[in-house]
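Before any comments, here is the structure.
Just so it is clear, none of the values below were taken in a lab; they were calculated from the coordinates. Not measured: the values here are computed from a predicted model. Cβ sites come from the backbone with ideal geometry, for glycine too, and all protein chains shown count toward neighbours.
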Amino acid sequence: MVVAFNPPVAHVNHAYHTALAQYDRAVHYLSISDGVADFLRYPRRELTVNFPVKRDTGKIEMFTGYRVHHNTVLGPSKGGIRYSLGVSLDEIRALAMWMTWKCALVNIPYGGAKGGVVVDPKALSPRELENLTRRYAAELIPLISPHADIPAPDLGTNPQIMAWFMDTYSMNVGYAVPAIVTGKPVNIGGSEGRNEATGRGVITCMVEALRMQGQTNPADIRVAVQGFGNVGSNAALIAHKLGFKVVAVSDVTGGTYNPNGLDVPAVRAYLAETGGIRGFRGGDDITNDDLITCDCDVLIPAAMEDQIHEDNAPRIQASLIVEGANGPTSPEADDILSERGIMLVPDILANAGGVIVSYFEWVQDLQSFFWDEDEVNRQLERILIKSFEATVTTAEEHNVDLRTAAQILAIKRVADAVAIRGFYP
Ligand code: GLU
């Protein structure tokens, strides 16, 4: 009997619908030709790979991965690699498109890409994770290069995985190529400050937005952070160090709430020891849903897509939302929030710190000349604040929310580049 191959079906993900709805909304404000508008709506190329991985038992198991290049008009495509059971081609398409807008918004010379493997990385041993990473990296060789497409970490991946990626590529070409990935460990060509960069950028944007609202005393401001991975945990820690009251944090196991402020370093230590936030003694247990609507001033969704939707948006108590995750808010929720006067700093601005420092890492690798952490953080802040101000100005000009403004700015930059380069042939 012949059994047809069926790629794994992830649970329903609305990310691509969200990305296209945001795009259509922003394009409406721009006078670009229908041809260019249509061109930018499509991913440029998409690769699906099905590959074998040897498990520790000796058994061979098949896995499915993707890499999507949304656009390469402004430079090589850039974007992370995600390991998650929720990965699907549509999710990766959305994330690749958001990378194009993110890079254009902060004016770094990249297009957008994203990749992912349908896998629960926690279900693999370290050796299996290495086998999977090396084989997936090898499958991507026709698509990646320091001048064509540069991967980085995302949900479920980390600097060690980037090191295996870099090693696999380097072994195939015969010499070390640090610039093939960013987010590597510092001792093999990674950048100082890259690991904390996304969280740091989230907090820089939060501080700028609070300043606009006339709120300048950190001790008065209660912050809730959903997600405690690289982005959420660093954002929470940096906010805590700046004197903000971090009242709630959560991970997949659940969350903890303390109206007087949590001891964030203690939460990090508890998580490292027990593997989850649930049960942390310094606060009351809450669910991830409770966290979204908890009593706070700033909400930082830093977990994944689709967390703020029409069911919970009417109950959100925060007056400011800063998106650490990509695509956490549905278009319907965007409308509800802006009607309610809740300010939202969109993902492509708020979490751009990661790819900005990735850009610094790539520049340092290509020049073999490395910067110290102060220099990295200074340049990061300069770019982010400039992008924040440009977004606010665009929002005022068009009388739109910050997400639409950020997309208008980004799409216009890419569309202008398309117009001047022209269509081949
Ligand atoms: N995965 C991160 C993002 O979504 C970083 C991408 C990169 O550094 O290339 O922005």
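Using the Cβ atoms and a cut-off under 13 Å, what net charge is assigned to the surroundings of residue 152, where Lys and Arg are +1 and Asp and Glu are -1?
+3
How high is the relative contact order of the chain, in percent, counting Cα pairs under 8 Å that sit 6 or more residues apart?
16
Using a 10 angstrom cutoff on alpha carbons, build the Gaussian network for the chain and name the most mobile of 285, 34, 374.
34
What residue among 277, 321, 188 has the largest mean-square fluctuation in a Gaussian network model of the chain, using Cα springs under 10 Å?
188
On a straight-distance basis, which lysines could pair with residue 114 in a cross-link, Cα separation under 16 angstrom, same-chain partners fewer than 8 positions away excluded?
Within the straight-line limit of under 16 Å, residue 114 reaches these lysines: 78, 102.
For region 183-220, list residues with backbone N below 13 Å from a point placed 7 Å from the Cα of residue 242 toward its Cβ?
198-213, 215-220
Counting only DSSP beta bridges with both residues in the chain, what percent are antiparallel, rounded to the nearest 5? Let's see the in-between values first.
Working: 24 of 50 bridges.
In the chain, DSSP labels about 50 percent of beta bridges as antiparallel.
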